[in-house]
Amino acid sequence: MRKLLFAYALLAVLAPTGTFGMSWCSEKQLMFDSRDMCTATCPSACTEAIKSPTGSSGACGAGYTGYVHSPSLGKTYALTSGKFGIDELASSADYTTRAAILKTKVENDTAAILTGFFGTAAWTGASDIATYHCSTGGYHADKEACAASCPTGTCSPATSLASYNTLDTDRFFWRDGSSLAFKNFAPGEPGNTVTTDDVQAGFTPLGEHWIEMGTDGKWRDAGKHSADRKHLQPIIVQFQGALDCVNGATPSKGGLTGQVCGKDANNDGQLSAGEFRPCVTGVKGSLCPIDAVDCQPGPVCPLGNFPCVQNRAKFQCSPLTCSDVEDANADTGAYQDDGSRDQVTGQCQGQIYIFNGKGGECKEPGVSTTWFQCCSTDEANFLFIEKACGTGDRLTSMAMKDERTHLVGTYCKKKFPLIGCVQTAQVHCVFESKLGRILQEQGRLQLKNFQDANGKPSWGTPEAPNCRGFTPEEFQFLDFGKMDLSEFFADIKTKATNIIQGEIKDKAQDYFNNTVK
């Protein structure tokens, strides 16, 4: 019954939350709570994601809409469901404690997805409402900061009548008191407009002192005006980490398949997320979506002699070549307990191996894993490794956590012709116990059968790891007195050395008795 209840609980965790559930855009490395928003934002196809049972930084509240999470930034952005006028901002906790602070272009572009998708301008966390100006020069985040930096001058509010008409962007600060190191004002902004009607109406402060982001991601300063007294719009808010509705991993194991293409856009000599795409296959050939332009079927491509391929509702061509994916796999097979046995004694009549290991691998972040780290020793990730990477990766990661593995090396598991390696994998020798791994590492220092031409321990190659155990003859030549077993001793400090040595011999005898191969 407990297993059945656990299975139901696990299904509840893994079940999609709805038709338009959590979606991952590999090209932009962003997680969305809505497939609609992901599809509208992501140049390539979005991938459905499974929800994480741990690691969430909080619930997705009912007062917000349109969540987007960036793992690289470690932040989640959303819009408030309600709209706020300028007079309401100061009393809104969403504005004073959660309004977005956009210090980089990446942060700004991520937040701009929201205003673009929902077609609305929104308040950011920048304003000059608390700014003070020093008469000898310079703006400061507040009165105290101004007084400390302006000993010979006079400090006055930047919103006062004497300075309201300034167009200087340095007068703005983020709500945390930091200056605008990154700026993204639209042409002609900030305008700091003041009309005659504003003066006659007695608005205070006059001018435009709050920064909003438009649907184009550009900034504009806004203020109280007779023509738009309320100026109602949502607030862009930010949260640290991934909230529960955007806290997940992609379950796909296949990654990109078929024909692919890529372009080293940043000229760093290697391809990363966003620099390669799956190709579109049509009757006339294959199309690389990168650098694709519209064309007329015929084919007539403005870029040259390239096929004009139908891509959804239009025809396009690209100068970039599509290639088939080349896959490789390491030989991680192990010696099996499949030899003949004596019908009377049951003992193995084939070759016996003591402390035998087997090859295991786990994939590093790459195209096949949608940049998920499958070689993680964090228990919280094991469920996602199973879904996103496969059972083999999970078992290897669990063995790594138990310190039962020896890293052989890394090899290229998936390669795109003309592009290079896009998926690597770690290969380990996996043993039944930590002691088995330690004895293998120490024993290979003594046995020439496990050494290379230079006398160094050899574990084979990542493509063909050598994880075999010791033969009985090899085991007899081992000098345990020369082995460094401090790692094993540290785990069982309460046991005497002679007991430990006895356990080693007992375990070896068990291998003989049980004919483990």
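Using a 10 Å cut-off on Cβ atoms, rank the peptides 313-320, 483-490 from the highest mean neighbour count down.
Ranking the peptides 313-320, 483-490 by packing returns 313-320, 483-490.
Could you compute the FRET efficiency for A90 and E48, with r as their C-beta to C-beta distance and R0 at 30 Å, rounded to 0.05?
Efficiency at R0 = 30 Å is approximately 0.15.
With a sphere of radius 15 Å drawn around the Cβ of F32, what net charge do the other residues whose Cβ falls strictly inside it have (Lys, Arg +1; Asp, Glu -1)?
Counting the neighbours of F32, the net charge comes to -2.
Quote to one decimal, in nm, the extra length available between S178 and T193 on full extension: 0.36 nm per residue of separation minus the C-alpha distance between them.
Length gained, S178 through T193: 2.9 nm.
Quick one: net charge around F382, please, counting Lys, Arg +1 and Asp, Glu -1 for every other residue with C-beta under 11 Å from its C-beta.
Net charge in that neighbourhood comes out at -1.
Taking amide H positions as placed 1.01 Å from N in the peptide plane, with prolines and chain starts having none, which residues 5 or more places from L30, or on another chain, fall under 5 Å of its amide H?
C25
Ranked highest first by the average count of other Cβ atoms within 10 Å around their residues, in what order do 461-469, 123-131, 182-190 fall?
Highest-to-lowest ranking by the protection proxy: 123-131, 461-469, 182-190.
Separation between the A265 and A59 pseudo-spin-labels, each 7 Å from Cα along Cα→Cβ, expressed in nm?
Output for this residue pair reads 3.8 nm.
Which shape class applies to the range 182-233: rounded if a/c is under 1.5, otherwise prolate when a/b exceeds b/c and oblate if not, where a ≥ b ≥ c are the square roots of the Cα gyration tensor eigenvalues?
It is prolate, given that a/c is not under 1.5 and a/b is the larger ratio.
Rg and Dmax of the range 50-135, Cα atoms, in Å?
14.8, 57
As a quick test, which of the pairs K83/K183; K105/K401; K358/K414 have an alpha carbon distance above 28 angstrom in this structure?
Too far apart for the 28 Å limit: K105/K401.
Order these peptides, 200-211, 85-96, by their mean beta-carbon neighbour count within 10 angstrom, highest first.
The most tightly packed comes first, giving 200-211, 85-96.
Under a plain spin-label model, where a point goes 7 Å from the Cα along Cα-to-Cβ, how far apart in nm are D510 and Q310?
Label at D510, label at Q310, 6.6 nm between them.
Which far-off residues, 5 or more places away or on another chain, put their amide H under 5 Å from the one on G248, with H placed in the peptide plane?
Under 5 Å from the amide H of G248 lie the amide H atoms of S52, each far enough along the sequence or on another chain.
Can you tell me how much longer the chain between T461 and F480 gets when fully stretched, taken as 0.36 nm per residue apart minus their C-alpha distance, in nm with one decimal?
4.1 nm
Given 0.36 nm per residue, what is the gain on full extension from V344 to D402 after removing their alpha carbon distance, in nm?
17.1 nm
Read-outs: derived from the displayed coordinates by stated rules, not from any lab. This is a predicted model, so every value here is computed, not measured. Cβ coordinates were reconstructed from backbone atoms using ideal geometry, including for glycine residues, and neighbour counts include every protein chain displayed.
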